[in-house]
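Report on the following structure.
The values are calculated or read from the model by the stated rules, or taken from the named source; none is laboratory data. The structure presented is a predicted model; accordingly, all values stated were derived computationally and were not measured. Don't worry about glycine lacking a Cβ; one is built from the backbone with ideal geometry, like all the others, and counts go over all protein chains shown. For the accessible areas, the whole protein counts, side chains as well, though only heavy atoms, and no ligand, DNA or RNA atoms are used. Shrake-Rupley method; radii C 1.70, N 1.55, O 1.52, S 1.80 Å.
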Amino acid sequence: MVVSNTLFRVGGAAILLSNKKSVVKKSKFELVDTYRTHLGAQDDAYQSVYQLEDSEGKKGVRLTQDLMRIAEKGLTLNLTYLSTIVLPYDEQLKYVISFLKRKFNPSSALYQPDFKKGIQHFCIHAGGRAIIDGLEKSLQLEERHVAPSRATLYRYGNTSSSSIWYELRYIERSGTLKAGDIVWQIALGSGFKCNSGVWRSLKTVKNRKANN
């Protein structure tokens, strides 16, 4: 278990959910949608992060060289669904038009939607610098968008999927969260699976540090 103990730290987070209208005024966020991509039916994805015993009978976690490729595939499928939920219509239209053009002209570039136009805050699975850097580049995010993930990784290490809740707390304390803002949480895991949660902020949160 040396690999898993080296990569992961113990992390935990808890939230209180309710569908009662009577608590709307007390609530911080409204759940917009959730989506789960699971590639476990594919052998390479299922075995990309796998616990097994070595020749000496010691248990450990094996990470294959295909892991990043599979993670990218899971994210692409997840984002394809998510785009219909968070992107403004003009961004969706641009993508559809470029897709149709590519049908007739394969060399035509496929338009990459700007998710920043539909999402104000990003909580990216802080599973390592490569994951954060990869999403920052592929989604063309700015440093401020990945600051919560970098800060969480730096302060707490790799706490796996619970890191997205540490990041949400960071955003709350940053003073940048306004009523109506959309927050996207993205978490990854063995299997291989990719999970998204989309939230709408119901309140404007002041900078907590400024009040100290």
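Evaluation of residue 104 against the conditions (1) within 26 Å of residue 141 (Cα to Cα); (2) free of Cβ contacts under 8 Å to residues at least 60 places away in the same chain; (3) exposed (fewer than 14 other Cβ atoms within 10 Å of the Cβ) shows that the sole unmet condition is (1).
Given the condition out of contact with any strand residue (DSSP E or B) (no Cβ under 6 Å at 6 or more places or on another chain), under 15 Å from residue 199 (Cβ atoms), of a type in the set (Val, Ile, Thr) and assigned to a loop (DSSP other than H, G, I, E, B), answer yes or no: does some residue in the range 157-176 qualify? Within the range 157-176, one or more residues are out of contact with any strand residue (DSSP E or B) (no Cβ under 6 Å at 6 or more places or on another chain), under 15 Å from residue 199 (Cβ atoms), of a type in the set (Val, Ile, Thr) and assigned to a loop (DSSP other than H, G, I, E, B).
All of (1) part of a helix (DSSP H, G or I); (2) open to solvent by less than 80 Å² (accessible area, probe 1.4 Å) hold for residue 40 with one exception: (1). Determine if the range 127-138 includes at least one residue that is farther than 18 Å from residue 207 by Cβ, open to solvent by 20 Å² or more (accessible area, probe 1.4 Å) and aliphatic (A, V, I, L, M). The answer is yes; a qualifying residue exists. The numbered conditions (1) touching a residue at least 60 places away in the same chain (Cβ under 8 Å); (2) part of a helix (DSSP H, G or I); (3) among the small types (Gly, Ala, Ser) are all true for residue 187 except (2). Scanning the range 149-162 for residues that are modelled with pLDDT of 90 or more and within 20 Å of residue 31 (Cα to Cα) yields no hits at all. Could you please find all residues in the range 54-91 being open to solvent by 50 Å² or more (accessible area, probe 1.4 Å), in a helix (DSSP H, G or I) and more than 14 Å from residue 192 (Cα to Cα)? Answer for the range 54-91, where residues must be open to solvent by 50 Å² or more (accessible area, probe 1.4 Å), in a helix (DSSP H, G or I) and more than 14 Å from residue 192 (Cα to Cα): 80, 81, 84, 85, 89, 90. Flag not set for residue 152, criterion: out of contact with any helix residue (DSSP H, G or I) (no Cβ under 9 Å at 6 or more places or on another chain) and either surrounded by fewer than 21 Cβ atoms within 10 Å (Cβ to Cβ) or without any contact (Cβ under 8 Å) to a residue 60 or more places away in the chain (or both). Please work out if residue 94 is open to solvent by less than 80 Å² (accessible area, probe 1.4 Å), modelled with pLDDT of 85 or more and not in a loop (DSSP other than H, G, I, E, B). No: the conditions fail for residue 94. Residue 47 falls short on exactly one of the conditions (1) open to solvent by 80 Å² or more (accessible area, probe 1.4 Å); (2) more than 10 Å from residue 192 (Cα to Cα), and that condition is (2). Does the range 39-57 contain any residue that is within 29 Å of residue 177 (Cα to Cα) and in contact with an Asp or Glu (Cβ under 6 Å, 6 or more places away or on another chain)? Checked the range 39-57: no residue is within 29 Å of residue 177 (Cα to Cα) and in contact with an Asp or Glu (Cβ under 6 Å, 6 or more places away or on another chain). In the range 15-31, the residue that is farthest from residue 185 (Cα to Cα) out of those that are open to solvent by 50 Å² or more (accessible area, probe 1.4 Å) and touching a residue at least 12 places away in the same chain (Cβ under 8 Å) is 24. Being open to solvent by 70 Å² or more (accessible area, probe 1.4 Å), without any contact (Cβ under 8 Å) to a residue 60 or more places away in the chain and under 15 Å from the mean Cα position of the chain (by Cα): is that true of residue 112 here? So residue 112 fails the test.
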